[in-house]
Each structure stands twice: as structure tokens, then as C-alpha cells.
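Notes follow the structure.
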């Protein structure tokens, strides 16, 4: 199938052995899902594969959201034109959120995309990386926490502090 088409391929099977997963991925599958699974996980994996396909297939390689710019090709991030140095994990988390600003992304989806779908450690490690990412971006409100559900980029990014400081105060 891969030789004849560039279509997204997700293998859905009851065979969960590592050798089976490796073989399918090496043969061209984009993802591998072992039964049983929930509908929400299947839909999240479909969205992830389609996003990857859009980027690789000539889709946008630069994600913009207000003052935030994420260049997927060069892996550079800027806020209001100033480059921000991020660790690989911070970049992966931001890429996950910036791919669809405003969309709620679950903790599990972020961990699966930034680490690995087989990550079995505590997801609290995500909180540490998010705190560092918020600090580096200079606006903690840019990444919203939706308690019990996940995270998203704010619908309307806050105005950078430097721009707020330069604007004269409104008179009463």
C-alpha cells in the first residue's frame, strides 16, 4: 500500500508484540494501534497522523499564533520577533499545542507525542516542562490549563508586556 499511495496508514490490530509494531512501522505504517482501544484514542491518533501528513506534504511549516511563531523546519520559536531557546521536550509540547491553537489537548496526548506512546512514567513531568515553557515564552497565560482535561493555547494571546508598558494609560 505504501508503494502505491501516500495515504495515512494506521494499523489497527490485536497483535501487540514489539516485533509486530516495529515491522509495521518499518514497512510504512504511520501509526499502530492495538485492540482494545477507545474511540477517543483512535480519533486523536487520526488527527495526529493527518497533522504530520499536512506538514510533510507541503503544508505550513511555520505555525503562528499572535506574537508566537513556531518554525517546524528549523525548530525555532520566536515571541514578538525575539528567539526563545527551548529544550527538545519543550519544543515538542509547544508544537503539539500550536498545531491547532484553541483546541484542548489532553495530558495523555501531549505525553504520547512529546515522549512516546509507551511512556509509563508519571505525567507530572509534563507540569515541570510546561512551567519552564510558560516562563520562557514570557506570558504564562498563553498556555491555558483546563483542570481535569488538559491544555491549550489561549484563543487570544495576551499582549506582550513590553507593548503594554509602551502604551499610555487610558484616562478615566
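Tabulated data
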quantity: Of the criteria (1) under 30 Å from residue 141 (Cβ atoms); (2) surrounded by 11 or more Cβ atoms within 10 Å (Cβ to Cβ); (3) modelled with pLDDT of 90 or more, which one residue 13 fails; calculated: (1)
quantity: Matching residues in the stretch 25-34 - criterion: being in contact with a strand residue (DSSP E or B) (Cβ under 7 Å, 6 or more places away or on another chain) and in a loop (DSSP other than H, G, I, E, B); calculated: 29, 30
quantity: Some residue of the stretch 55-69 being exposed (fewer than 14 other Cβ atoms within 10 Å of the Cβ), assigned by TED's automatic domain parsing to the domain that holds residue 139 and at pLDDT 90 or above; calculated: no
quantity: Residue 77 modelled with pLDDT of 90 or more, within 21 Å of residue 32 (Cα to Cα) and assigned by TED's automatic domain parsing to the domain that holds residue 154; calculated: no
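Residues are listed down the side, and each one gets a yes or a no for (1) assigned to a loop (DSSP other than H, G, I, E, B); (2) in contact (Cβ under 8 Å) with a residue 12 or more places away in the chain:
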site	(1), (2)
78	no, no
92	no, yes
101	yes, yes
122	yes, no
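The values are calculated or read from the model by the stated rules, or taken from the named source; none is laboratory data. Since we're looking at a predicted model, the values are computed, not measured. Methodologically, a virtual Cβ is constructed for each residue, glycine included, from the backbone with ideal geometry; neighbour enumeration extends over all protein chains shown.
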